[in-house]
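Notes for the one structure printed next.
Just so it is clear, none of the values below were taken in a lab; they were calculated from the coordinates. Predicted, not measured: the structure shown is a model, and the values here were computed from it. Please note: Cβ atoms are built from the backbone with ideal geometry, for glycine as well, and neighbour counts cover all protein chains shown.
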Amino acid sequence: MTKILIVEDELLVARMYEKTLKFEGFEVASAIGGKEGLDKVKTFSPDIVLLDIMMPEPNGMEVLTYIKSDPATASIPVVMLTNLSGENDAKLALSRGAADFWVKSDINNKELGKMIQKVLDDQKNKPINSS
């Protein structure tokens with residue numbers, strides 16, 4: 001079963017995504033805020049992380065950097081979630097290793113599971129960098 005970690009500072013938003021994804025058959029855990037998210041990414045061992053950008057310390061970009069810099073978690077795909085649709089934020093997140101960047105208002109909850117599966121499939125088919 002695919003394990004999804006939702007890192008979000010708004011409890012209601014986290015619960016909405018969690019309920020939708022559990023209904024679709026995913027194993028889901030939520031973390032409220034960046035610090036709890038960093039702890040849970042290690043203890044829950046998710047297959048994918050949905051990570052809000054705009055959170056108090058550490059913010060989503062910082063959490064992404066920590067996840068991608070730790071060899072134990074670096075291979076986990078991270079999708080950045082935001083209410084902002086700034087192209088600079090998307091480019092920055094992708095340059096720091098995010099698998100994708102989604103604007104929350106564009107997410108159709110009925111399609112969320114398919115969107116996640118597409119990211120996971122894309123990651124499996126991604127060529128391995130030899131750096």
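Below is a table of values for the structure above.
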quantity: Sorted by Cβ density within 10 Å, fewest first, the residues 119, 41, 13; calculated: 13, 119, 41
quantity: Cα pair distances of segment 26-131 binned at 5 Å [whole percent]; calculated: 2, 12, 23, 26, 22, 11, 3, 0
quantity: Set 42/110; 3/68; 68/124; 3/35; 42/124; 35/68 screened for pairs whose C-alpha atoms are more than 24 Å apart; calculated: 42/110
quantity: Part-to-part distance (alpha-carbon centres) for segment 60-83 and segment 1-56, which is given in Å; calculated: 12
